[in-house]
Structures are given as structure tokens and as C-alpha cells.
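Shown next, in C-alpha cells, is the structure this report addresses.
The values are calculated or read from the model by the stated rules, or taken from the named source; none is laboratory data. Quick caveat, the model's predicted, so the values are computed rather than measured. All Cβ positions, glycine included, derive from the backbone under ideal geometry; neighbour counts span all protein chains shown. Calculation scope for accessible area: heavy atoms of the full protein, side chains included, ligands and nucleic acids excluded. Shrake-Rupley method; radii C 1.70, N 1.55, O 1.52, S 1.80 Å.
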Amino acid sequence: MKDKTFLMIPGPTPVPESVMMEIAKHPIGHRSSEFSSILKEVYENLKYVFQTKNDVFMFTSSGTGAMCAALENLVNEGDKVLCLSLGNFGNRWAKIAESRGANVEKIEVEAGEVIDPNILRKRLEEDTNKEIKIVTLTHSETSTGAANDVKALCSIIREHGAISVVDGVTSVCAMPCKPDEWGIDVLVSGSQKGFMIPPGLAFLTANERAWKVYEQCKHPSFYFDWAAHKKAVEGNTTPFTPAVNLIVGLNQALKMIKEEGIDNMNARHRRHAMALRKAIKAINLELLVKDDNNASHSITSILPPEGISVPDIRSTMKKDFDIVVANGQNKLKDKIFRMGTLGFVCDRDLIAAVGALEATLVKLGHKFEVGKGVQTIINELKEI
């Protein structure tokens, strides 16, 4: 069905019509008083969403830009960086750190697994000379759908004295993530996820501990320089030409988030993810992340049934129902498909997606009790 494509992927995510209408307006001058008043509101509401008293910087970039903004303002050549990796995006931290000349060490786990806090504690206790300067970690790993216990991990990092740098690209607005309360030193995210706007903006917040390390950075980023962005936030402006229309749309999206309430939004995402997981099991499919406690509330990774390929599942859902689900990445390509429950997704969307998946699997020859998935998700959404 043309013009009715629905995204059930980890990003970009569906965008509310009211947000799209704001984005579609004629641009306004980025140095105008009108835009400055919008920025003032945006900067204040970003603090609410990030649940921090610290400034939240905004970059015209993808989420990876915010990752660069984090490490390029902290790392000097030869610094030791410990990267905790659950998958593709955990490894991206390592690549960025290496590009700045860091001495990178990784603790990696198998796809679908999470970092054991005891393993991290043991490694940091071994670092008696405090050589490890920065520890990077991912809250919700977009490539697998696994989610770290960031609160526990950051507490261990704080005890050691290193700086914690957290990828919250698919967790902010979807899962509880409290940098001030949990001791997260640097937290980044991106617009095309829980923020419910198209790709093009990224966000970063840093606390005083991180700023002290920034002050020792010999060659901070030019475009992403924290000092330039802090000065801009204080003046309700931006250091460079921003994505004006996206920011106008973000202003509307943030108002919607505040109206729903960040705690309610997090609860909605959990409700959807847990309901989907049960529905998937009900139609005899296997989940990559076995334990609900380790599962992202944004992305669910699913193994295809024996004899049916991921490309066939994805193409059938797109062709027959105009619903897009994501493939796996890198080593997981064609081995899993990923369904996003992130951002502007409601109960109706989830019920429709599970029904479409059932119809797709029937067409492709998978044996299961037809209707069990839809029945399960309706019951779970009613009960949770």
C-alpha cells in the first residue's frame, strides 16, 4: 500500500503529524530573536528529558556525532580508554577513541549478552595505578537489543575514578536514564529515536567531573567543542548554523514528551517491549536476548524460524503490509530481524505489526497457532 509505510525499526522512528507540520514551516533566521526564544525553551526542556541540572548541548549531526563530541573533547593521545562492548555501537566507541590516539582496551560479550558488573569491578580493581581514564558503555545496544545496567556500572566506574561516557542513543526517552542520580559523567543521544523527530540532531550532557577532564584536552574538537556550545547555550543561540527546522520540530516533540511525562513515556516503552517479547514467544520464535531484565525497551531482536530467511520475512512484511523491520548488522546480518518499539508508537501499531508478522510467517510456511501472537499482545497490553 503506497504512502502508508510504517517504520518498526530502531530508527528513524515514526514522527507525529504535529511535529512534521512544524518542520514543514518556512525556515526562520537562526540569529533571530524568534529562534532564540525557541532555543531557550528547547534547552530547558532537554534538561527535563535528560533529567539533569547540567546543560544539554545540541549538534547538527547523527548520534555518532555526539559520540565524537564526547571523546574528542576528553581524549589525549596515549590515554587509556576501556570500552565495554555489547555489539556494533559499543565497538564504535573503541574506533572513535582509537582515532584520537587512545590506548584502547575492550571488554566484549556475545551478541545478546550484557556486561557483568563483577567483571568490570575486577578489571578496575586491577588498575591500581589508575591508568584507565575513561570507560565507555552502551545503555541500549541498538544492534542486539540488549541493555546494560548502567546505574550499577557507572557506580563502579565512579568508585575507580574514571570518567563514564554513556551511549543513550536508543535509551533516552525510552528507558529510565538519570545521569545526575546515577553518576553518569557524559551522556549522548540522537533525535531520530525516542525524541520522535527525523535524523539530524544529537545531544550531549556532561557534569563537572567530565569538564575537568575536558580542560586537560590538548586538541578539543572544533565543531563539537564543549566550551563553544556552553557559551551558545548560555546565550540561547548556537555556535554554528543549526538545523533550524528540525529544532522547531524538536520544540514541539519536547512539549509532547513533557505532556506525557518522562516517567510515563519510559513506562510505555517498557510495556510495549515486554508485550512484544511475549507475543514473539507465543508464535514459536526465539529472542536473541533471553532475559527480560537484560532487554532493551526500544528494540527487540528475533531469530527467524528454521528454513525461513530474514530477507524473506522483511520483504514480505514490506510488500504485503508496508511495515519495515530491520535486519541484523555485521555478523548478525540475515541472522536476526529487529522490531523497534521506539518513539511515537502506540498499542494499535504494535497489534498491527504482530498481526502482519503472523500473516507473513503463515505465507512463508512457519508452523504455529495462528492468532496466538495477536491474542497474546492484546492481553499483555491490557494487563501490563
Residue in segment 15-36 that is under 30 Å from A146 (Cβ atoms) and in a loop (DSSP other than H, G, I, E, B) present: yes
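Looking only at residues in segment 158-179 that are within 18 Å of Y214 (Cβ to Cβ) and assigned to a helix (DSSP H, G or I), which one is most open to solvent (accessible area, probe 1.4 Å)?
Once the filter is applied, the top-ranked residue is R158.
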Report yes if some residue within segment 290-301 is within 17 Å of H366 (Cβ to Cβ), modelled with pLDDT of 95 or more and acidic (D, E); otherwise report no. no
Only one of (1) closer than 22 Å to G101 by Cα; (2) open to solvent by 10 Å² or more (accessible area, probe 1.4 Å); (3) over 23 Å from the mean Cα position of the chain (by Cα) does not apply to R121, and that is (1)
Mind listing whichever residues of segment 271-297 are open to solvent by 20 Å² or more (accessible area, probe 1.4 Å) and under 18 Å from T138 (Cα atoms)? L288, D291, D292, N293, N294, H297
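Results for (1) closer than 22 Å to S32 by Cβ; (2) open to solvent by less than 50 Å² (accessible area, probe 1.4 Å); (3) in a loop (DSSP other than H, G, I, E, B), shown as yes or no for each residue.
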position: F195; (1), (2), (3): no, yes, yes
position: P198; (1), (2), (3): no, yes, yes
position: A210; (1), (2), (3): no, yes, no
position: F224; (1), (2), (3): no, yes, yes
position: A232; (1), (2), (3): yes, yes, no
position: T241; (1), (2), (3): yes, no, yes
position: L246; (1), (2), (3): yes, yes, no
position: G249; (1), (2), (3): yes, yes, no
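What number of residues in segment 337-376 are in a loop (DSSP other than H, G, I, E, B) and free of Cβ contacts under 8 Å to residues at least 60 places away in the same chain?
Summing the residues that are in a loop (DSSP other than H, G, I, E, B) and free of Cβ contacts under 8 Å to residues at least 60 places away in the same chain in segment 337-376 gives 4.
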Of all residues in segment 39-56 being under 21 Å from K178 (Cα atoms) and among the basic types (K, R), the one that is most open to solvent (accessible area, probe 1.4 Å): K53
Top-ranked residue in segment 306-317 [being free of Cβ contacts under 8 Å to residues at least 24 places away in the same chain and not polar (S, T, N, Q); ranked as surrounded by the fewest Cβ atoms within 10 Å (Cβ to Cβ)]: E306
Looking at segment 182-189, is at least one residue buried (at least 24 other Cβ atoms within 10 Å of the Cβ), in contact with a Phe, Trp or Tyr (Cβ under 8 Å, 6 or more places away or on another chain), outside any strand (DSSP E or B) and free of Cβ contacts under 8 Å to residues at least 60 places away in the same chain? no
Within segment 288-327, can you find the residues that are among the charged types (D, E, K, R) and part of a loop (DSSP other than H, G, I, E, B)? K290, D291, E306, D322
When segment 7-38 is examined, which residues are found to be open to solvent by less than 80 Å² (accessible area, probe 1.4 Å) and under 21 Å from T237 (Cα atoms)? E22, I23, I28, G29, H30, S32, F35, S36, S37, I38
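Residues are listed down the side, and each one gets a yes or a no for (1) without any contact (Cβ under 8 Å) to a residue 12 or more places away in the chain; (2) closer than 24 Å to K333 by Cβ:
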position	(1), (2)
S37	no, no
Y43	no, no
T52	no, no
T60	no, no
C68	no, no
N76	no, no
N91	no, yes
K95	yes, yes
D116	yes, no
Segment 97-106, subset open to solvent by 40 Å² or more (accessible area, probe 1.4 Å) and either among the basic types (K, R) or in contact (Cβ under 8 Å) with a residue 12 or more places away in the chain (or both), residue farthest from I119 (Cα to Cα): R100
Any idea which of (1) closer than 27 Å to K231 by Cβ; (2) open to solvent by less than 10 Å² (accessible area, probe 1.4 Å); (3) out of contact with any strand residue (DSSP E or B) (no Cβ under 9 Å at 6 or more places or on another chain) is the one F59 doesn't satisfy? (3)
Could you go through segment 321-331 and let me know if any residue there is buried (at least 21 other Cβ atoms within 10 Å of the Cβ) and under 20 Å from N148 (Cα atoms). yes
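Looking at the structure I just gave you, is K4 within 27 Å of T300 (Cα to Cα), touching a residue at least 12 places away in the same chain (Cβ under 8 Å), open to solvent by 70 Å² or more (accessible area, probe 1.4 Å) and assigned to a loop (DSSP other than H, G, I, E, B)?
Against the criterion (within 27 Å of T300 (Cα to Cα), touching a residue at least 12 places away in the same chain (Cβ under 8 Å), open to solvent by 70 Å² or more (accessible area, probe 1.4 Å) and assigned to a loop (DSSP other than H, G, I, E, B)), K4 qualifies.
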